[in-house]
Amino acid sequence: MAILETHGIGIHFDGLRAVDNVSFTAEEGQITSIIGPNGAGKTTLFNLIAGFYTPTEGTVDFEGKDITKLKTHERTRLGLARTFQNINLFRELSVMDNVLAGLHSVTKCDPISSMLNLPNKIMEEKESKKKVMETLEFLNLSEYVNEKAGSLSYGLQKNLEIARAIVFRPKVVLLDEPASGLNTNDLHELSQRIVTIRDSGITVVLIEHKMDVVMSISDKIIVLNFGEKIADGTPDEVANDPAVIEAYLGKDE
Amino acid sequence: MTLFNKVYKATRIWILLAVALTLPYWVPNNYYLQIFCLGMIFAILTLSLNILSGMTGLFSVGFIAFFGIGAYTSAILTTKLGFPVPLAMFLAGVLSSILSLTLSLPTMRLKGMYFAVATLAFGEIMYQLFLNWTAVTEGTKGIKGIPALELFGTSFRSYSKFYYVILVILILIIMLARNLISSRTGRAMLSIRENDIAAEAVGVNVPQYKMISFLISTFFAGIAGALYAHMVRYVSPESFVNAESAAVLAMMVVGGIGSIPGAIVGGIGLTVLPEFMRFLGNIRMVLYGASIVLIVIFAPRGLGGLIERIDNILSGKQSLGVQKKQQHIEGEE
Amino acid sequence: MDFFIQQIIQGIAMGSLYGLIAIGYVLIYNAWGVLNFAQGDMVMIGAFAILVTHIFWGLPIIPAFVVAIIICAIVGYFVELTSFRPLINSSNTRRLIATIGVGIFLRNLVRVIFGADPYPFPSIFGNTPVKIGELTIIPQNIWNTVIGFVLVFLLTVFLNNTRLGKSMRATAQDREAARLMGINVKQSMSLTFIIASVLGGFAGMLISPVYFVIPTLGTSLGNKGFSSALLGGITSNPGSMIGGITLGILEATSTNFSTSIQASVAYIVLFIVLIFLPNGLLGKKESRKV
């Protein structure tokens, strides 16, 4: 079943078409990857799906419902999480607080109980911290729990982004180039992790440049070029698609 | 950890409390006690501003307006409408909070400098209102004869008694602010300060939480204003000129942005110090300006950062000279 | 009707001075990325500088102006060196507070030296009103407007047509790129600061016959200056001039409704502009980056 769909979605900035008429579906429980050369509009597509940009045309459906008009935080509440390519952590906050913040959309405590330390707050905090520790464990971040996010190494920050995005068990997580800046060993670990995330029931939509990662774990691949979708299919189908080869290698004349 | 560290850690809060409780008995005279009370009221105000600016990153340069609204509300309710003082003080907080919506709702989209300037404009408009709405505020004449607080048959007219009222409210607000920091609401505010894009991504309704931050901080600011009105028992517009907003900002920064102990030290320190420097005459304000610049340059985390460092050394968490990781709500760079 | 036109002329004259102050804010904001809350105090410094050179030292008006400008430049450079340069890599909050601190410092230093009492300053351009048809205009109003516009024109020419001006613009646009192009960024930024200070000071010199010269002169004028800057979109110099004149006219004509409202006009306008035109009258919309 398609959990996330776009229908002819597009946006232009100052006359430049960043994304043009892109339709794709992400099936529930799968890893769907979006690839394409630099500037193909991949991150823009993510921003459209997550609600950071308002499309100039087309719609986004989530679990069969049109969410095009919803704001980012409302989409998150529905179970649509994301990470950022250029890392947007809460740098001065601890690793713990970063991931706790990730639970915002599934926790309830109101400002008054927050300030008065009412029992419902204490309970919720306790449960939240437990969830955070589990997630940190999964991403090998447990030992950094009290460190400031901004003081972590680049690779760890990338992991922390993922932790913050999946801690509330979203239905879909959009991962924007989680492998950039990682070495070969880490790459393997990352691939394993993404598969584990999928297997735990979270649908993954992935933007990635590292082709070995994409080819080994994707269930389906969408290829963008100059803002338009030029191919989609299984890794094998896409790898043999002439249009894709042309986009990546340039046309031999 | 040495024995000294352990003893220090176990007793520090009690020592502090003992000092606070006995203060009126060893302060040399009433005048100094009055200044100290005023300092504590400004500590509350600085703490309020810290919720807005330190935690949520909404930089206000017109914050004194809410202090003024609180002071005038309580003054008017008690002198003209005969409200009991405690109720009037509470309503002062409520009205300050409600009026904050007239600032927060339309300026939700503004960022950084633009927002700061909007708060400045708001502060000036409020000041003009205090000054010109003579039917209600008595204009430049001010409101005289504001009653002192009376509770359970005791009058808190003398500074040595009113001191305890301020102390209790200060401690209460410190506790509320501490609880807030480690809560869902507080983290939402911190996340807005840190990175509003990421805040949205984790599901924080950014405008809503900015508004909540405003409501909370201006409620406390209003209470602080009411405390001021019932301590001095006279309010007039010049106590709420925009230069006072700059003074509160200075208290926050000198104390250390986002730091609770810093807000206390900044608020009390910058109120008491100029008084102690009175013998210097006009030079003291020159030194005051210069020291703000110096502290900003040389002590980026303010006095609060310094206090925490000493505290860490005394309690053995940190050895001399080594900078360890900082408490998470500190710093904003 | 004539009365109304006279008010407008009055507004334009005052507004050109607001515009000059506003340009100071804009220059510093663009080069340093911070709103300089001490800019109003530079206006005050300018007023005291001309007071000292013209009245206390008895210099004729032109040399008095020249020396006063040099004083403003020196004070501006001092402010830059002590309160801006050391914080160049700090957060906006801290830099903003430093500008507040240096403003308090200047204001009170002047008060220590000259006292808090107001000094009157004679009219520079004479008091004989000029008659144009039915209108009576005070020479000062004409001169302030003319000088304001001439200065903006000169500044624009300087920024667009000289090597130094171009480096200043490049630095304001992108400090790193300017450095790579071989521009002396440090020098450009200092120069920007000094020019901004002198413009503010110049406004103070022109204003001194209108207001009394007192240490707190800059507080409200500073606020009006950056209200104008914001009104003009904070990014452009001509915009600031238009912002200043708009504000000047609004203030001058608001007395028709209520005299007590005049003091608040700047702020009410500012508040409304911020809400409905967050990028000023001429500013461009910034697109959001994710």
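The values are calculated or read from the model by the stated rules, or taken from the named source; none is laboratory data. All figures in this text were calculated on a predicted structure; none of them were measured in a lab. Cβ: placed from backbone, ideal geometry, glycine included. Neighbour counts: every protein chain shown. Heavy atoms of the whole protein, side chains included, go into the accessibility calculation; ligands, DNA and RNA do not. Shrake-Rupley method; radii C 1.70, N 1.55, O 1.52, S 1.80 Å.
Observations, loosely collected:
- Relative contact order (%) - chain C, alpha-carbon pairs under 8 angstrom, separation at least six: 37 percent
- Taking all protein chains together and rolling a 1.4 Å probe, B:ILE223 ends up with roughly 20 Å² accessible.
- Among C:HIS54, A:HIS7, B:HIS230, A:HIS188, the sequence by solvent-accessible area, most first, with a 1.4 Å probe is A:HIS188, A:HIS7, C:HIS54, B:HIS230.
- Placing dummy labels 7 Å off each Cα toward the beta-carbon, the span from C:ASP2 to C:ASN89 is 6.5 nm.
- Highest-fluctuation residue, C:ALA263, C:ALA196, C:ALA22 considered, GNM on chain C with Cα pairs under 10 Å: C:ALA263
- Cross-link reach is defined here as a Cα-Cα straight distance under 18 Å, omitting same-chain residues fewer than 8 places apart; for B:LYS141 the lysines meeting it are B:LYS80.
- Among C:LEU35, B:VAL202, B:GLY145 the positive-end extreme of the charge dipole of the protein assembly as shown (Cβ point charges): B:GLY145
- The label point for B:LEU172 and the one for A:THR184, both projected 7 Å from the Cα toward the Cβ, are 6.6 nm apart.
- Three-way shape label, chain B, alpha-carbon gyration tensor, a/c 1.5: oblate
- Radius 14 Å from Cβ of B:ILE76, net charge of other residues (Lys, Arg +1; Asp, Glu -1): +3
- Highest-fluctuation residue, C:GLY243, C:GLY232, C:GLY101 considered, GNM on chain C with Cα pairs under 10 Å: C:GLY101
- Figure note: B:LYS141, A:LYS121, A:LYS126 ranked by solvent-accessible area, largest first, 1.4 Å probe, ligands and nucleic acids not counted: A:LYS126, B:LYS141, A:LYS121.
- Segment B:LYS141-B:MET211, extension gain: residue separation times 0.36 nm, minus the distance between their alpha carbons: 21.8 nm
- Once the gyration tensor of the Cα atoms in segment A:90-165 is diagonalised, the equivalent ellipsoid follows with semi-axes of 24, 12, 10 Å, ordered largest first.
- When the alpha carbon gyration tensor of segment B:1-128 is reduced to an equivalent ellipsoid, its three semi-axes come out at 34, 24, 13 angstrom, largest first.
- The protein assembly as shown - share of DSSP beta bridges that are antiparallel (%, nearest 5): 65 percent
- Residue among C:GLY126, C:GLY204, C:GLY248 with the largest mean-square fluctuation in a Gaussian network model of chain C, springs linking Cα atoms under 10 Å: C:GLY126
- Think of a 1.4 Å ball rolled over the protein heavy atoms: the protein assembly as shown then has 42 Å² of accessible area per residue.
- Label-point separation in nm, B:ALA20 to B:THR134, each point 7 Å along Cα→Cβ: 4.4 nm
- Bins of 10 Å, starting at 0 and running to the largest distance - Cα pair percent for chain C: 7, 28, 36, 22, 6, 1, 0
- Cβ-based charge dipole, the protein assembly as shown, positive-most Cα from C:PHE276, C:LEU109, A:LEU174: C:LEU109
- Computed about its Cα centre, the charge dipole of segment C:131-290 is approximately 620 debye, with only Lys, Arg, Asp and Glu carrying charge at their Cβ.
- The protein assembly as shown: Cα Rg divided by the 2.2 N^0.38 Å rule of thumb: 1.04
- Counting only protein heavy atoms and using a 1.4 Å probe, the accessible area of A:ASP66 comes to about 100 Å².
- Net charge dipole size for the protein assembly as shown [Lys, Arg +1 and Asp, Glu -1 on Cβ; Debye, nearest 20]: 2720 debye
- Net dipole in debye of segment A:90-165 [+1 Lys, Arg Cβ; -1 Asp, Glu Cβ; about Cα centre; nearest 20]: 80 debye
- The Cβ shell under 9 Å around A:LEU175 holds other residues with a net charge of -3, Lys and Arg each +1, Asp and Glu each -1.
- Accessible area per residue (1.4 Å probe, heavy atoms of protein chains only) ranks C:MET42, B:MET108, A:MET215 as A:MET215, B:MET108, C:MET42, with the largest value leading.
- Among C:ILE137, C:THR53, C:ASN89 the positive-end extreme of the charge dipole of segment C:15-217 (Cβ point charges): C:ASN89
- Accessible surface of A:ARG17, taken over heavy atoms with a 1.4 Å probe and every protein chain present, rounds to 100 Å².
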